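All remarks here apply to the structure that follows.
The values are calculated or read from the model by the stated rules, or taken from the named source; none is laboratory data. Everything numeric here is computed off the predicted structure, so don't read it as measured data. Cβ placement follows ideal geometry from the backbone for every residue including glycine, while neighbour counts extend to all protein chains displayed.
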Amino acid sequence: AFAGYVLIAALLLVLFRKLILIRIQYENDIKLERIKRENTEHLNRAKLQFFTNISHEFRTPLTLILGPIEKLVNSGDGGNVIQQQLRVVANNASRLQRLINQLLDFRKADAGNLDLRIAEGNFYKFLKEIKLSFDALAADKNIKFTLNASSNVIDLYFDRDQMEKVVFNLLSNAFKHVSPEGEVAVQLLEHETFVQLVVLDNGVGIPAAEIDKVFERFFTGENKSATDSGIGLALCKSLVELHHGTIRVESQEQVATRFIVDIPKGKDHFDDNQIIEDFKDSEDVSKYVEYAFDRTNVEQETNRQYRKDISELSRILVVEDNDQVRSFIKSIFQYDYVVLEAENGDEGFAVALEENPDLILSDVMMPIVDGFTLCSRLKQDLNTSHIPIILLTARTSYIYQVEGLEKGADDYITKPFSPEILKLKVKNLLQSREQSRQLAQSNSSLTIEPKKITVTSADEIFMNQAIELVENNISNSEYTVVEFGKDIGLSRMQLYRKLKAIAGLSPNEFVRMMRVKRSAQLLEQGDYNVSEVTYQVGFTDPTYLRKCFKQQFGMTPSEYAKSHKKSV
């Protein structure tokens, strides 16, 4: 019996030792796991700190790059080819700036230093305008892109700038991974205590093993794009959680992926210092009182402006569905310009065709036809493609600096806007177009270069056709404006408006200028006298050529020929 007890005791001792070893191993495993987790966390913090520090260093030279590039793009210099290359540079520089800002935002959110500015607003309307900015990308890729909501008025307390980044990142991610002719859908559902946003795409999907990792910082995954940074979704998660919401993902490879964001309703979960109590949205005209400007100088100049012949004033078309905002914009410009009005994009397009304004200011969010669609229609129509357009948007420029979203707008301005800034943008655009017209009439070159005086490809094609038609008929003194218009496919009035807008000349003046410049080219060659040149360029009377030549060059054809010979 004693031996049996000894054996049992020995077994218990062995078992006890084994249990101790197992516990020690377990504790070591936990410790190692903790150390591994801490090391990973430390590595991630080190990465973030490194990228944050270097991002701050990048911002100054990047700003110095973007400034001159923006000026070159806005100037329109260099023609379409150069402008396209400049836009590529600008788009990529802007993308780099977005990545830097994402890192800095993520760092602030991670450290709890990102302050929210919360105000109540219609979340459906907020989403609708962001969707509009992606419509062009969807059309380019032939992707079905829809927005469905349980109501067109869904009130929610949220920070517009930060939530814009969430939606932007989710949509960019969806478009990045969906195939051409695929589908991206946005769903907005209002529940009793929360609002749910769903972004769905039927793209490549996410492997099951990666589902739990997609919101980890710097994680890019198996189906990563060359442009993935691993920050976007992590930033989304941080910003959603700052709104006391949740974000999750459901995915089946090669079938569909759904990102689901739930944001609680009400404002009790936010701190008082995060709430903007007196918030007014961009459609509330009283918001613009904050940007009121001194009108004393304007009033003093009123009589001087109205003494001008009204035909000398530039014409601005304001397309805005909000009557009060439209009246406010009109009040800004009515002393310096002829102001035309339209309530929506469809009416705006009709007014633009009929009145041929010098510049168009258009809201983005409008019923019937939105501002983006209006902009596309205007730039694609030969009758209106030359008209500069400024789009007014309630969203920040963040969502418009994505390659592929360019709709042809010459500039964007965020509502509510400063009247002085808007006036300067309008003035600069009109001056830029006037400089292009002067360049077309300049004697610095005896040939007209369409790429230097046009902004859109449609206008460049038009000018090339116009120049070719006149050159082909340069010696035909009976070539009329009616025939000119018929050959180019425009009525006499359409041709007049188009040439006047681009070159600052009527069709008759344009043909005459080209004949005179060709006569100067022939005189420079020295092979023909003035009488011979007269008939070669389509003039029937040397005296009339002499008159036109002196108006263009400030000297007679004979004097021009002599001065050229002396300089050889």
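Does region 154-164 contain at least one residue that is at pLDDT below 85 and out of contact with any strand residue (DSSP E or B) (no Cβ under 8 Å at 6 or more places or on another chain)? First the steps, then the outcome.
First, the residues of region 154-164 that are at pLDDT below 85: 161.
Filter once more, so that each one left must be out of contact with any strand residue (DSSP E or B) (no Cβ under 8 Å at 6 or more places or on another chain): 161.
Yes - at least one qualifying residue is present in region 154-164.
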Which residue, of Asn28, Asn39, Asn44, is in contact (Cβ under 8 Å) with a residue 60 or more places away in the chain and either in contact with a His (Cβ under 6 Å, 6 or more places away or on another chain) or surrounded by 10 or more Cβ atoms within 10 Å (Cβ to Cβ) (or both)?
-> Asn44
Can we say Glu181 is of a type in the set (Asp, Glu) and on the phi < 0 side of the Ramachandran plot?
-> no
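Looking only at residues in region 367-391 that are under 21 Å from Ile130 (Cα atoms) and of a type in the set (Ser, Thr, Tyr), which one is surrounded by the most Cβ atoms within 10 Å (Cβ to Cβ)? Outline the logic, then answer.
Filtering region 367-391 for residues under 21 Å from Ile130 (Cα atoms) gives 367-377, 389-391.
With of a type in the set (Ser, Thr, Tyr) added as a condition, the list becomes 373, 376.
On the way: Thr373: 19, Ser376: 17.
Among those residues, the one meeting the criterion is Thr373.
State the number of residues belonging to region 499-514 that are in contact (Cβ under 8 Å) with a residue 40 or more places away in the chain and not aromatic (Phe, Trp, Tyr).
We begin by selecting, within region 499-514, every residue in contact (Cβ under 8 Å) with a residue 40 or more places away in the chain; these are 501-505, 510-511, 513-514.
Subset that is not aromatic (Phe, Trp, Tyr): 501-505, 511, 513-514.
Total satisfying the criteria: 8.
Quick check on this structure: which one of Ser563, Ser477, Ser531, Ser506 is surrounded by 14 or more Cβ atoms within 10 Å (Cβ to Cβ) and over 40 Å from the mean Cα position of the chain (by Cα)?
Details: Ser563 fails: surrounded by 14 or more Cβ atoms within 10 Å (Cβ to Cβ); Ser531 fails: surrounded by 14 or more Cβ atoms within 10 Å (Cβ to Cβ); Ser506 fails: over 40 Å from the mean Cα position of the chain (by Cα).
Matching residue, one of Ser563, Ser477, Ser531, Ser506: Ser477.
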Does Ser225 qualify as being at pLDDT below 90, assigned by TED's automatic domain parsing to the domain that holds Glu129, among the hydroxyl-bearing types (Ser, Thr, Tyr) and not in a loop (DSSP other than H, G, I, E, B)?
-> no
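Anything in region 328-362 that is touching a residue at least 12 places away in the same chain (Cβ under 8 Å) and more than 30 Å from Ile461 (Cβ to Cβ)? List them, or say none. Let's see the steps before the verdict.
Start the filter on region 328-362 by keeping residues that are touching a residue at least 12 places away in the same chain (Cβ under 8 Å), which leaves 328-330, 332-333, 335-349, 351-353, 355-362.
Phe328, Ile329, Lys330, Ile332, Phe333, Tyr335, Asp336, Val339, Glu341, Glu343 - these are the residues of region 328-362 that are touching a residue at least 12 places away in the same chain (Cβ under 8 Å) and more than 30 Å from Ile461 (Cβ to Cβ).
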The residue that is modelled with the highest pLDDT, considering only those in region 392-422 that are buried (at least 16 other Cβ atoms within 10 Å of the Cβ) and assigned to a helix (DSSP H, G or I), is Leu422
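The rows are residues; the columns are (1) hydrophobic (A, V, I, L, M, F, W, C); (2) surrounded by 17 or more Cβ atoms within 10 Å (Cβ to Cβ); (3) touching a residue at least 60 places away in the same chain (Cβ under 8 Å).
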| residue | (1), (2), (3) |
| --- | --- |
| Glu471 | no, no, no |
| Val516 | yes, yes, no |
| Leu545 | yes, yes, no |
| Phe553 | yes, yes, yes |
Within region 163-210, can you find the residues that are crowded, with 20+ Cβ neighbours inside 10 Å, touching a Gly at 6+ places or on another chain (Cβ under 8 Å) and under 30 Å from Lys267 (Cβ atoms)?
-> Asn169, Asn173, Ala174
So Arg307, is it surrounded by fewer than 17 Cβ atoms within 10 Å (Cβ to Cβ) and either modelled with pLDDT under 80 or aromatic (Phe, Trp, Tyr) (or both) | yes
